[in-house]
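The structure appears right after this line, and notes come after that.
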Amino acid sequence: MPANIIVSYDGTANEDDAIVLGRLLAAAGGELSIAYVRHTHQPDRDRETLAEAEAQELVERGVQLLGDPDAGRYVVTDRSTPEGLAALADRLGADVIVFCSDSHTAKGHVSIGNSAARLLEGGRTAIAVAPVDLGERGTAIRRVVAVGDRDGGAARTADALASALGASVVPVADDHADLLIIDSRPEAQPGRVSLSASAEHLIEIATAPVLVLPRGVVIPFGRAAAAAGVA
């Protein structure tokens, strides 16, 4: 099964960066969906019909930017964006939820917004965050860094993704890296996301996209993941 990737999209600042990151990850072997979370139902039927139509139009705009007409399209209604996305990810069996950086982030850097931050503490789905201006760079993934145990989920995911893209796994998370894949801390519950203090610091200074994995999880990118027996 290819990796199942949800891109969180609401059309606001920096959202194009999440679109680009979703596309880059999918190039390693993945199926993409665009998801938008509405926070309320309108009590009036006509207003609700209009609000739903506007939400669907927003999602279609995201799909057009994605350039994948076969991408899934989802409008979720939930008072909480992270809870709505988590429920959708559970329903779809998604491997990754992709976010842009917080709207106040400096160009070229990564900053975790509120919704992503909620899912980075105890969530069951890997979280990817794009740096600001990734949409302008449009760079391919050529150098991947795995942060975690030598035989952990990050290392195995990095190997699978790099093999699928013809990229290299490199040892140092410097300005030349194109993607950081980060394991959850060793004390995290298996299958759950939880960042160590050092990982949080690394994200704060990162200029490349980051992908944070639940403890012990390997994302099924490309043929290498299938060969490794990843379900």
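When the dipole is taken about the Cα centre of the chain, and only Lys, Arg (+1) and Asp, Glu (-1) are charged at their Cβ, what size is it in debye, to the nearest 20?
580 debye
Quick check: residue separation of Asp70 and His201 times 0.36 nm, minus the Cα distance between them. What number comes out in nm?
This chain segment gains 43.4 nm when fully extended.
DSSP beta bridges in the chain, what fraction antiparallel, as a percent rounded to 5?
Taking every DSSP beta bridge with both residues in the chain, the antiparallel ones total about 10 percent.
Go through Gly108, Leu92, Leu119 and say which Cα lies farthest out towards the positive end of the charge dipole of the stretch 88-143; charges sit on Cβ, +1 for Lys and Arg, -1 for Asp and Glu.
It is Gly108.
Pop a pseudo-label 7 angstrom from the Cα along the beta-carbon direction at both Thr139 and Ser103 and give the gap in nm to one decimal.
Those two pseudo-labels are separated by 2.7 nm.
Tell me the mean residue ellipticity at 222 nm calculated for the chain from its helices only (DSSP H runs of n ≥ 4, each -39500 (n - 2.57), averaged over every residue, nearest 500). Intermediate results must be reported in sequence, preceding the final value.
Values: 8 runs with 84 residues, N = 231.
Taking each H run of at least 4 residues, the total per residue is -11000 deg cm²/dmol.
Would you mind checking the radius of gyration and Dmax of the chain based on alpha-carbon positions, in Å?
In order Rg, Dmax, the Cα atoms of the chain give 16.8, 57 Å.
Let me spell out the model: positive unit charges on the Cβ of Lys and Arg, negative unit charges on the Cβ of Asp and Glu, origin at the Cα centre of the stretch 145-208. What dipole size does that give, in debye rounded to 20?
Result for the stretch 145-208 is approximately 220 debye, rounded to the nearest 20.
Which is the longest run of the chain containing none of the trypsin sites (Lys or Arg not before Pro) found in DSSP loop states (not H, G, I, E, B) with at most 14 other C-beta atoms within 10 Å?
On the way: sites that count: Arg79, Lys107, Arg150.
By the stated rule (loop sites, at most 14 other Cβ atoms within 10 Å), 151-231.
Do you know the relative contact order of the chain, to the nearest whole percent, from alpha carbon pairs under 8 angstrom that are 6+ apart?
22 percent
Among Ala206, Gly148, Val63, pick out the residue whose Cα is farthest towards the positive end of the charge dipole of the chain, where Lys and Arg carry +1 and Asp and Glu carry -1 on C-beta, about the Cα centre.
The Cα lying farthest towards the positive end belongs to Gly148.
How many Å² of accessible area per residue for the stretch 1-86, probe 1.4 Å?
Per residue, the stretch 1-86 has an accessible area of 51 Å².
I'd like the carbon and sulfur percentage of the solvent accessible area for the chain, probe radius 1.4 Å, heavy atoms only, ligands and nucleic acids excluded.
Working: 5220 of 11010 Å².
Heavy-atom surface of the chain belonging to carbon and sulfur, 1.4 Å probe: 47 percent.
For the stretch 50-118 and the stretch 158-221, compute the distance between their C-alpha centroids and round to whole Å.
21 Å
The values are calculated or read from the model by the stated rules, or taken from the named source; none is laboratory data. In this text the structure is predicted, and so the values were computed from the model without any measurement. Using ideal geometry, Cβ is built from the backbone for each residue, glycine included, and neighbour counts are taken over all protein chains shown. For the accessible areas, the whole protein counts, side chains as well, though only heavy atoms, and no ligand, DNA or RNA atoms are used. Shrake-Rupley method; radii C 1.70, N 1.55, O 1.52, S 1.80 Å.
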